[in-house]
Amino acid sequence: LQAYERRFPTCPLIPMFVASDTVNEYKSDDEAIHVIERRCKLDIDAPRLLKKIAGVDYVYFVQKNSLNRQERTLHIEAYNETFSNRVIINEHCSYTVHPDNEDWTCFEQSASLDIKSFFGFESTVEKIAMKQYTSNIKKGKEIIEYYLKQLEEEGITFVPRWTPPVACKSESSTSHPRRPVSPAINIPESATKEGLNKEILNSSSSPSEPTAGTPDDKLDADYIKRYLGDLTPMQESCLIRLRQWLQETHKGKIPKDEHILRFLRARDFNIDKAREILCQSLTWRKQHQVDYILDTWNPPQVLQDYYAGGWHHHDKDGRPLYVLRLGQMDTKGLVRALGEEALLRYVLSINEEGLRRCEENTKVFGRPISSWTCLVDLEGLNMRHLWRPGVKALLRIIEVVEANYPETLGRLLILRAPRVFPVLWTLVSPFIDDNTRKKFLIYAGNDYQGPGGLLDYIDKEIIPDFLGGECMCEVPEGGLVPKSLYRTAEELENEDIKLWTETIYQSASVFKGAPHEVLIQIVDASSVITWDFDVCKGDIVFNIFHSKRAPQPPKKDSLGAHSITSPGGNNVQLIDKVWQLGRDYSMVESPLICKEGESVQGSHVTRWPGFYILQWKFHSMPACAATNLPRVDDVLASLQVSSHKCKVMYYTEVIGSEDFRGSMTSLESSHSGFSQLSAATTSSSQSHSSSMISR
């Protein structure tokens, strides 16, 4: 109960909980009864348009906590004060002692939601309310554990039980012998699946004894210190939970803990937000084969000659040091000669090399090195660097790097910033994450040579010669790109398309009522159709059909604006509306429901020649009739679909049965593993002579 009370007046683990004020409080004379009523200010995660229409930035709830120390119970009631004439929200929670074991604490929780009217946005408000409610349920255990740990660090391992005042103590002791004091409880993971949630919190062991658990419940302390750095119990728990989720949905393609941790840190250890951006990044890496960029892509000679940047030893913290002489670089010439895509690809290769160097330095220095330092020399920067297409290319590169390489920049040293720099900074800074901007150190003129300058971060022996040091720096000097190397817009456009379609994966948009379908013609029976796809957005149903006759030519919807990449996402429908299932075509595999973020691989051994159709169909969430409130899992899944649109990225291949049974090469040839980010990439497929789906 002391741990619970520490959530007030505000709780940093609940970002939406902005503040609270005590409006009413009552204590009995013997202090057995304590009732406190608070007015809580919440910042609901709702669309800005909805807040503007409603005319509020915050909503207020009233929470009443009734503690009975004599009966050892805590009852919590909460209801909304804001929009109470339009929306009625009631929540009830109770903590009680288990009747069979007083060292156990029972927890019950229920809630109700009644939306009378809300400016025509009733369904949206219902989703937002359920999202916030389920999020709070999931974080309940994490928050209690956090404050229990805080109490333990302060030396508080148990709290004496309430006893009557001295005046009536002798009388009570003769008729009611005092039971032994219970130790502090250790709360296991809750299982909140229904609108009414019950759980038993067991703590049979002493707080000083280690808690038993599976090997995945906790990371080894030496491993954390050696490879991850300092982590709080909450942060460690977040890492384990996100990794377990990836293991369930991305078999054989799990990034290393260091990489998962970067995304968690980028979102302040909010698991839902970190999972979203990590899944998007993994899909992006897979689609563009970023893992193989260092081995398969050679930078054009123009970049090697005129891109004034390169790796140069390491800083005092052991971080790899990248030097960029931006002021000496002809950004306009590089864009005109190469195009945006080649520049972006080169920056990606630099970041991939940075990840590799971080791993190497971790081994060399014996401590976690997860980021690098960038030294940017702006001498020579002038108005020609503010060329609009060049700035546009720079902003796009920043956007891609921010999304896929979070928390990789440990420090940015900007030297010899000229007067024109504030103009460039004004254009660029809005696209840079707040946490990243805090790592910027900017020096004008020769200020970097004084106290607090370069010597505080880089050893004197490796300061580049062009900055007054003694170390010869092999970074190219840049210079103007000859106009004879410029390419026409048509040449650049064709090359850009070729560059970014070097992927075996296709992108598709799936709409409600408009599935995406792929036609595969089979000549020889017993051929094997294999697939590998990722659900990038929304939930879909995957089907496989067979038809003896060919469908009509594909009808493409003009959905280019909805594609994942450009060029890319399309929507093709093959099955004619007049076709009937069972007459014109048949289903050869059971439908498979695939959730957002899942990666699915599988195969089907064909029994007949003819035409096979692979279909990705929009999945509608069924209503839950058992209770007025939907199941938590259904609510969370439905909230992920912001519109009647899904996105998938897929690859299919047909191989002969003799090749399939012997080696199972189909999924390996799809390059679905993340070689650079995975500690070990394993095949997610096994040899089967019949159809199978691996998830």
Any hit, region 318-329, residues being open to solvent by less than 10 Å² (accessible area, probe 1.4 Å) and in a helix (DSSP H, G or I): yes
Count - residues of region 347-376 that are closer than 18 Å to residue 266 by Cβ and in a loop (DSSP other than H, G, I, E, B): 4
Among residues of region 471-490, those that are touching a Pro at 6+ places or on another chain (Cβ under 9 Å) and open to solvent by 70 Å² or more (accessible area, probe 1.4 Å), counted: 1
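Considering only helices (runs of 4 or more DSSP H) fully contained in region 250-311, which possess at least 2 residues that are farther than 30 Å from residue 337 by Cα? Give the steps one after another, and end with the answer.
Values: elements: 257-266, 271-288, 293-296, 301-306.
Result: 257-266, 271-288.
Every residue, every condition in (1) of a type outside the set (Phe, Trp, Tyr); (2) open to solvent by 20 Å² or more (accessible area, probe 1.4 Å); (3) over 11 Å from the mean Cα position of the chain (by Cα); (4) assigned by the TED database to the domain that holds residue 355, yes or no:
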{"residue": "227", "(1), (2), (3), (4)": "no, yes, yes, no"}
{"residue": "234", "(1), (2), (3), (4)": "yes, yes, yes, no"}
{"residue": "247", "(1), (2), (3), (4)": "yes, yes, yes, no"}
{"residue": "260", "(1), (2), (3), (4)": "yes, no, no, no"}
{"residue": "266", "(1), (2), (3), (4)": "yes, no, no, no"}
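Look at region 292-315 and say how many of its residues are among the charged types (D, E, K, R) and under 31 Å from the mean Cα position of the chain (by Cα).
Going through region 292-315, the residues among the charged types (D, E, K, R) turn out to be 295, 305, 315.
Cutting the leftovers down to under 31 Å from the mean Cα position of the chain (by Cα) gives us 295, 315.
Result for region 292-315: 2.
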Check on residue 277, surrounded by 19 or more Cβ atoms within 10 Å (Cβ to Cβ), in contact (Cβ under 8 Å) with a residue 12 or more places away in the chain and not assigned by the TED database to the domain that holds residue 405: no
Which listed residue is under 28 Å from residue 426 (Cα atoms), assigned by the TED database to the domain that holds residue 468 and touching a strand residue (DSSP E or B) at 6+ places or on another chain (Cβ under 6 Å), from 354, 339: 354
Selection count, region 17-34, where residues are crowded, with 16+ Cβ neighbours inside 10 Å and not in a strand (DSSP E or B): 1
Any hit, region 564-580, residues being at pLDDT 85 or above, open to solvent by less than 50 Å² (accessible area, probe 1.4 Å) and over 27 Å from residue 536 (Cβ atoms): yes
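Quick one: which helices (runs of 4 or more DSSP H) sit completely within region 377-459 and have at least 2 residues that are open to solvent by less than 40 Å² (accessible area, probe 1.4 Å) and out of contact with any Asp or Glu (no Cβ under 9 Å at 6 or more places or on another chain)?
Working: elements: 388-404, 421-428, 434-437.
Passing ranges, in order: 388-404, 421-428.
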Which numbered condition residue 644 misses (of (1) modelled with pLDDT of 50 or more; (2) over 30 Å from residue 115 (Cα atoms)): (2)
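The values are calculated or read from the model by the stated rules, or taken from the named source; none is laboratory data. Only a predicted model underlies this, so the values are computations on that prediction, with no experimental measurement involved. Positions of Cβ are generated from backbone atoms using ideal geometry, with glycine treated the same way; all protein chains shown enter the neighbour counts. SASA here: full protein model, heavy atoms, side chains in, ligands and nucleic acids out. Shrake-Rupley method; radii C 1.70, N 1.55, O 1.52, S 1.80 Å.
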